[in-house]
There are 2 protein chains.
Amino acid sequence: MAVVTPDEFRQHGHALIDWIADYTEGVEQYPVASQVQPGDIRAMLPEHPPAHAEPFADVLADLDRVVMPGITHWQHPSFFAYFPGNGSYPAILGDLAASGLGVQGMSWVTSPACTEMETLMVDWMQELLGLPDHFRSTSATGGGVIQGSASEATLASILAARWRATGGSINAMGDTTHLVAYATSQAHSSIEKGLRIAGIGTSQVRIVPHDESFAMRVDELDCLVRDDLAAGLTPFWVCASRGTTSSMAFDPTPAIAAVARREHMWLHVDAAMSGIGALAPELRWINDGLELADSYCTNPHKWMGVNFDCDLFYTADRGSLLGALSILPEYLRSAAAEAGAVIDYRDWQVPLGRRFRSLKLWFAIRSGGVEQAVEMIRRHVTLTQELAEWAAADPRFEVVAPHPLNLLCVRLRDGDAATDALIERANATGRALFTRTVLDGMVACRISVGGRTTDRRHVAAAWALLQELAG
Amino acid sequence: MAVVTPDEFRQHGHALIDWIADYTEGVEQYPVASQVQPGDIRAMLPEHPPAHAEPFADVLADLDRVVMPGITHWQHPSFFAYFPGNGSYPAILGDLAASGLGVQGMSWVTSPACTEMETLMVDWMQELLGLPDHFRSTSATGGGVIQGSASEATLASILAARWRATGGSINAMGDTTHLVAYATSQAHSSIEKGLRIAGIGTSQVRIVPHDESFAMRVDELDCLVRDDLAAGLTPFWVCASRGTTSSMAFDPTPAIAAVARREHMWLHVDAAMSGIGALAPELRWINDGLELADSYCTNPHKWMGVNFDCDLFYTADRGSLLGALSILPEYLRSAAAEAGAVIDYRDWQVPLGRRFRSLKLWFAIRSGGVEQAVEMIRRHVTLTQELAEWAAADPRFEVVAPHPLNLLCVRLRDGDAATDALIERANATGRALFTRTVLDGMVACRISVGGRTTDRRHVAAAWALLQELAG
């Protein structure tokens, strides 16, 4: 049995660190999107597990031989698809330290440093982002936690709202049939998914119409809420998206909050993709109205160079969150928790187990990650505005949505089929990667400027590629 | 701005690898449980984020100065608390590779290797564990996926069952009030939590009585189901625990399955803590009846040396799982998925985003992780049986539950207070760590033998400690 010894771990670990540096610095050599066909990767691997241990060097070699052809390079500077997912060297090391320590952070007592570091990091981020004080862990009723993803944060928010709206009876009775939620068609898919999981079916979800900027029309929200109240239903949760996935639209939080407050609805603000922009003081308008929100989430794993998974979830009403998610079996009791002196984050999330995720945030922030992120965010925003000018100057293209930050949606005036064909041809070159969306029934090409090393030459090349293929 | 350069990353990365090897090899020097008081760790750190970048060496130094005093060492060979959470060198490197690649595996197209490697790894594990073929991804209706935790797997199972029991109408109507679920009081807290999240309140959850071995009484299950049917309710989900958390009891899956089949209930088998034992052929009885289960989960991150997070979730009915969790917005469509040629794992789980988790499983299996795990599992089981003999030979103690694998529950004949005091005194020494539980109203000390390097001398020392302090 060839077990990896400590010396082998050092040797292979050093080699893997070097491999990551080589990969990161050389990522431009690869086509952005993997060029494989379905089944190609599996076909390169044995169908059955090996009967005996193999030398670890063979495993590392297979990273290049088998894995790399099947990678779509999210760290490539010409990756303009989906959303930013940039990592950074310090965050990678923070993740490594977490793996090495191998502790569970489900309760304070299962590793106090895991909990206390996390609490401090969400508080540091509250300051750095300029978020309202009612989200700080030292506030009377609020606090923050690191979740794995915005999907999980959204679900947690829905569950807290459901608990509050039913006065806690949901935990015993499970009756969700009178509850109604509100969001626009532009809200992220995790909103519908989270509501569905919580027993709020589509018949209880109101799609609030949006304006020409794809932002929620609050007059329409108000009408829907009044209709539901008149029908004897309970409006309980509304989502304000600050930066929608399709086009980066911004719902007007303060006006939505006014309706939410009036009807005692829970207001969740979803800024998963764009909220980190508030690290730059001139972009702090993203936070407008947050002082009226019950919960909020944004993702350092999208736009701050902190590797997935790292979503910040804040609530102003931790009592409802704990009411919704606390379960205390005997084998998880502890004196510190009984005394109320500590936080047990297992009660702030769906899973019980949790990694030491705050280490990567701590490593990133301390080694200059905030300054680096602000520089990157400003660069992305500037480049996107420049790109928008180029697009406006080309009569074949039209810009189809506002673009206040780092996402530009364009389409060919020739129509949907032409736009679809353009995206497909451009992606097939491997020189850049874009995602398609549909905005008010019209196909558009999303250009998300979000790579850690994405610079003017990458954006210019991407635009040249689209122009070249536009015919 | 001091950004970490590639060369600095190599330098600090090598140092961190060495730090992990030193930590892992030297972990016995630490008290098992952190000795800090609430607030101690936070007090060692600045309350506000640094205004400027600090040298990375300072960050690494603070791992020792600030973080280590707050660590409860799950990798310590004298860690007998909670459940095994052992890691290994190859798995740490697999996790590191995932961090370095920084890809999202939400869809096949977002990085084909991430999806195809995962599918192959869950199939490899199906073989290695001797699980039924209806869980294999190449089967007609089943398949597997890596989830972050058993809590998430349980929730996914409940959601799939809810979808099937309502003929899919749950997605629109959200009415869960007629659904009833079944488990014993010994089932894991994530069962109640998952049901609650899904809108199945405690009034719709039947606690099935258990026998003296803490296993489900199927005659009682049968009665409860018949009563609920007579009351016009819909029994929809039953959990068979194969290795409960409190005492490692084993519910009789085949008999439970007979009731589940008769009433078209979804049978979920939860073997989070113990299922990996089936890597050893002589322990394959753990899987008894699985061929009749609709879903199953077990955790390589508990007993196989694969670092958290890595839960294997299998279902025989992927159609219901996809029915429950699929949402397809325009920006996530892909030609490969539309053609049905690929798996998009985002539809197999709650979150959208996902790490390249299969790498750590691949690294571990290829470098001898299975042989190592089998050796470890056998060692733990042998040591636990030996420990049970020692306990039986000491008239002050009694063994309070069956102990077929690697968990022994003991108590002092002097009663609850004495047992509680013993656990508290033993844990305070830092020489070992145990967890308390309550079994049929009686306090017990759980001794979970689960460390990668836990050997006879650690178990003997732990027992000597308990004997010494038993007075």
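Computed values, structure above
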{"quantity": "Region A:149-181: number of residues that are touching a residue at least 60 places away in the same chain (Cβ under 8 Å) and either touching a Gly at 6+ places or on another chain (Cβ under 9 Å) or buried (at least 24 other Cβ atoms within 10 Å of the Cβ) (or both)", "calculated": "18"}
{"quantity": "Residues of region B:181-207 classified as within 23 Å of the chain's Cα centre (by Cα) and either in a helix (DSSP H, G or I) or β-branched (Val, Ile, Thr) (or both), total", "calculated": "13"}
{"quantity": "Members of region B:401-435 found to be of a type outside the set (S, T, N, Q), outside any helix (DSSP H, G or I) and crowded, with 21+ Cβ neighbours inside 10 Å, listed by number", "calculated": "B:Ala401, B:His403, B:Leu405, B:Leu407, B:Leu408, B:Cys409, B:Val410, B:Arg411, B:Leu412, B:Ala432, B:Leu433, B:Phe434"}
{"quantity": "Matching residues in region B:65-99 - criterion: being over 29 Å from B:Val459 (Cβ atoms) and more than 8 Å from every other protein chain (Cβ to nearest Cβ)", "calculated": "B:Arg65, B:Gly94, B:Ala98"}
{"quantity": "Meets criteria (in contact with a Ser or Thr (Cβ under 6 Å, 6 or more places away or on another chain), of a type in the set (A, V, I, L, M, F, W, C) and assigned by TED's automatic domain parsing to the domain that holds A:Glu375) for A:Ala426", "calculated": "no"}
{"quantity": "Pairs where the first residue, in region B:95-119, is under 15 Å from A:Trp74 (Cα atoms) and the second is acidic (Asp, Glu) and not in a loop (DSSP other than H, G, I, E, B), C-beta under 6 Å, 6+ apart", "calculated": "B:Ser99/A:Asp95"}
{"quantity": "Subset of region A:187-206 that is more than 20 Å from B:Ala156 (Cβ to Cβ) and more than 7 Å from chain B (Cβ to nearest Cβ) - its residue that is surrounded by the most Cβ atoms within 10 Å (Cβ to Cβ)", "calculated": "A:Ala187"}
{"quantity": "In region A:1-24, residue farthest from B:Thr453 (Cα to Cα) [restricted to those that are of a type in the set (Phe, Trp, Tyr) and either over 31 Å from the mean Cα position of the chain (by Cα) or within 7 Å of chain B (Cβ to nearest Cβ) (or both)]", "calculated": "A:Tyr23"}
{"quantity": "Single residue of B:Ala21, B:Ala15, B:Ala33 found to be surrounded by 15 or more Cβ atoms within 10 Å (Cβ to Cβ), farther than 24 Å from A:Leu120 by Cα, in contact with a helix residue (DSSP H, G or I) (Cβ under 6 Å, 6 or more places away or on another chain) and among the small types (Gly, Ala, Ser)", "calculated": "B:Ala21"}
{"quantity": "Failed item in (1) over 30 Å from A:Pro254 (Cα atoms); (2) facing another protein chain (nearest Cβ under 8 Å), with A:Ala337 passing the rest", "calculated": "(2)"}
{"quantity": "Verdict on A:Trp285 being farther than 21 Å from A:Pro351 by Cα, surrounded by fewer than 24 Cβ atoms within 10 Å (Cβ to Cβ) and either at pLDDT below 95 or of a type outside the set (Val, Ile, Thr) (or both)", "calculated": "yes"}
{"quantity": "Those residues of region B:25-39 which are of a type outside the set (Gly, Ala, Ser) and more than 7 Å from every other protein chain (Cβ to nearest Cβ), in sequence order", "calculated": "B:Val27, B:Glu28, B:Gln29, B:Tyr30, B:Pro31, B:Val32, B:Gln35, B:Gln37"}
{"quantity": "Candidates B:Ser88, B:Ser107 - the one that is surrounded by 24 or more Cβ atoms within 10 Å (Cβ to Cβ) and closer than 20 Å to A:Ala428 by Cα", "calculated": "B:Ser107"}
{"quantity": "Index of the failed condition, A:Pro50 passing every other in (1) closer than 20 Å to B:Lys360 by Cα; (2) under 32 Å from the mean Cα position of the chain (by Cα)", "calculated": "(2)"}
{"quantity": "Subset of region B:100-149 that is among the polar types (S, T, N, Q) and touching a strand residue (DSSP E or B) at 6+ places or on another chain (Cβ under 6 Å) - its residue that is nearest to the other protein chains (Cβ to nearest Cβ)", "calculated": "B:Ser149"}
{"quantity": "Residue match in region B:32-39 (condition: modelled with pLDDT of 95 or more, aliphatic (A, V, I, L, M) and in contact with a Leu (Cβ under 9 Å, 6 or more places away or on another chain))", "calculated": "yes"}
{"quantity": "Filtered residues of region A:261-276 (kept if in a helix (DSSP H, G or I), out of contact with any Phe, Trp or Tyr (no Cβ under 7 Å at 6 or more places or on another chain) and buried (at least 20 other Cβ atoms within 10 Å of the Cβ))", "calculated": "A:Gly275"}
{"quantity": "Verdict on A:Arg242 being farther than 22 Å from A:Tyr296 by Cβ and in the same structural domain as A:Ala153 (by TED's automatic domain parsing)", "calculated": "no"}
{"quantity": "Residues being under 20 Å from A:Ala97 (Cβ atoms) and within 7 Å of chain A (Cβ to nearest Cβ) - total across region B:41-62", "calculated": "9"}
{"quantity": "Selection status of B:Ile146, among the aliphatic types (A, V, I, L, M) and part of a helix (DSSP H, G or I)", "calculated": "no"}
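The rows are residues; the columns are (1) over 19 Å from A:Arg318 (Cβ atoms); (2) more than 20 Å from the chain's Cα centre (by Cα); (3) assigned to a loop (DSSP other than H, G, I, E, B).
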| residue | (1), (2), (3) |
| --- | --- |
| A:Ala97 | yes, yes, no |
| A:Gly100 | yes, yes, no |
| A:Gly105 | no, yes, yes |
| A:Cys114 | no, yes, no |
| A:Val122 | no, no, no |
| A:Gln126 | no, no, no |
| A:His134 | no, yes, no |
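Every residue, every condition in (1) within 14 Å of another protein chain (Cβ to nearest Cβ); (2) among the basic types (Lys, Arg); (3) over 30 Å from A:Trp124 (Cβ atoms), yes or no:
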position: A:Val370; (1), (2), (3): yes, no, no
position: A:Arg379; (1), (2), (3): yes, yes, no
position: A:Gly415; (1), (2), (3): no, no, yes
position: A:Gly451; (1), (2), (3): yes, no, no
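The values are calculated or read from the model by the stated rules, or taken from the named source; none is laboratory data. In this text, all values refer to a predicted model and were calculated from it rather than measured experimentally. Ideal geometry is used to build each Cβ from the backbone, glycine not excepted, and the neighbour counts take in all protein chains shown.
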